[in-house]
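Working notes, structure below.
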Protein chains: 2
Amino acid sequence: MATQAINLAEKLAGFTEHWQPRTVAEYNGHDIMVVKAQGEFTWHKHDETDDLFLVLRGELTIELRDRSVTLHPGELFIVPRGVEHRPVAREEVHVLLIEPTGTPNTGNAATAQPRRVV
Amino acid sequence: MATQAINLAEKLAGFTEHWQPRTVAEYNGHDIMVVKAQGEFTWHKHDETDDLFLVLRGELTIELRDRSVTLHPGELFIVPRGVEHRPVAREEVHVLLIEPTGTPNTGNAATAQPRRVV
């Protein structure tokens, strides 16, 4: 187990790449991750898991097929399993994500980022 | 599914009671909750689930039997299942919690708070 507090801003300060989540802790078979993002991600869905986004800094829009939801710091949104979505950030945004360990971030193992633990 | 962003500060502004978590969203069978706390909670453990604490405002100390961990805003800690702990806050603290839906907050159904959804 971790022996001290996990400071999310410190974890985010340790890398610069976009759309490459870092796992900072594990919880009930899920990865607690932080990610920096800017621009448009790919449209995707996860058939086996809900997708949780909590914005820590900046602004993130989650496009859905019929509407979009914009998140500011301290705001979260959960995309239910099976629902197509596309995260978009005009400027860099810092986000907390939770996904079951091993979930491909694109919804597709062939195009997913590898799991990175910090 | 929720149709808009969930603003954690707004949810917290909606109640004043301490140690009474409010469920603000559901994620993979878990409740995403916010709680206001001050003072000392009871020593307890959860044999079936890890316990996630993310401080949003103020300062929270999680006492363990052999040491303690103090969390500030933007810091999280996960108490692994089966580990005894006691949350303590000298002044009011606002915290995001995640637990499987139905988990008694004291680790004991007889003394737990009822599930409150806002």
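Points to keep in mind about this one:
- Compactness ratio for chain A: Cα radius of gyration over 2.2 N^0.38 Å (N = residue count) comes to 0.99.
- Neighbouring partner chain Cβ atoms per residue of A:43-53, average, 10 Å criterion: 2
- Within the protein assembly as shown, antiparallel bridges make up roughly 90 percent of the DSSP beta bridges whose residues both belong there.
- Only aspartates and glutamates eight or more places from A:K11 in sequence, or on another chain, were considered; those with a Cα closer than 17 Å are A:E26, A:D31, A:E92, B:E75.
- Chain B - mean residue ellipticity at 222 nm from DSSP helices (-39,500 (n - 2.57) per run, n ≥ 4, rounded to 500): -1000 deg cm²/dmol
Every number in this text was worked out from the coordinates using simple rules, so none of it is lab data. Given the structure is predicted, the values throughout are model-derived calculations rather than measurements. All Cβ positions, glycine included, derive from the backbone under ideal geometry; neighbour counts span all protein chains shown.
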